[in-house]
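One structure below.
Throughout, read-outs are computed from the coordinates displayed, never taken from laboratory work. Every value quoted in this text rests on a predicted model; they were computed, and no experiment measured them. So basically every Cβ, Gly included, is an ideal-geometry build from the backbone, and we count neighbours across all protein chains shown.
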Amino acid sequence: MLKEGALDGSQAIFGLHVDPSLPTGTIGSKPGPILASAGRFIASIKGEGGHAASPHRTKDPVVAASMAILALQQIVSRQTDPLEAMVVSVGFVAGGQAGNVIPKIVKFGGTYRSMSTDGFSQAQQRIREIIEMQASVHECSGVVDLLLEKMRPYPVTVNDEQMYKHAKKYRRTFGWREYGGRRFQLLFPADGRCLFVIESY
């Protein structure tokens with residue numbers, strides 16, 4: 001759409017994002033960063049499977065993945081400035097079919113989000129390091145795919161202050177912030193861009 005010139009000649013762009021958590025009749029926005037940059041990852045930890053009655057004969061990827069997932073929580077709680085807004089969440093874990101068999105491989109994945117470019121880069125680096133190192137500690141191998149080719153990460157959505165002021169007369173509620181991420185940031189240069197969030201039923 002952009003390559004075909006859909007926004008050629010435009011001076012400003014306004015976006016609306018529907019959010020059912022806002023009170024009815026309200027609009028949320030603010031100048032500056034309003035939505036976090038957002039990326040996803042999938043990790044695979046490979047070990048040596050075997051019977052659960054003989055765990056000493058295996059290289060258990062379940063334990064390695066469990067420790068990696070726990071360690072990922074420290075990116076925000078112990079390695080990020082408390083004033084820096086960041087989220088790292090694991091949304092799925094898959095491995096094995098039976099309760100008495102240690103699988104050969106465990107896969108898990110999630111999302112990472114930050115309100116700054118530096119924070120986003122830090123999250124990417126630490127996710128990869130933590131998963132690979134935790135796998136190694138447990139005598140397994142870990143591979144992390146940040147899905148940079150398949151799912152291009154969204155950059156931080158930053159509202160232009162002048163466009164925000166221009167539209168301010170239409171507001172009823174301001175100051176809302178959420179750690180969502182949207183393609184809106186990719187549509188238009190930094191000057192002349194403003195995103196608003198509206199309630200929905």
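Below, the figures for the structure above:
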read-out: Alpha carbon convex hull of the stretch 37-145, projected area averaged over orientations, nm²; value: 6.4
read-out: Residue order, fewest to most beta carbons within 10 Å, for Arg126, Arg78; value: Arg78, Arg126
read-out: Charge dipole (the stretch 37-145, unit charges on Cβ, about Cα centre) - positive-most of Met133, Ser116, Ala43; value: Ala43
read-out: Mean projection area, nm², convex hull over Cα of the stretch 1-98; value: 12.7
read-out: Lysines whose Cα lies under 27 Å from that of Lys30, excluding same-chain neighbours fewer than 8 positions away; value: Lys165, Lys168, Lys169
read-out: Candidate aspartates and glutamates for bridging to Lys46, where Cα separation is under 20 Å - those fewer than 8 sequence places away on the same chain excluded; value: Asp60, Glu129, Glu132, Glu139, Asp145
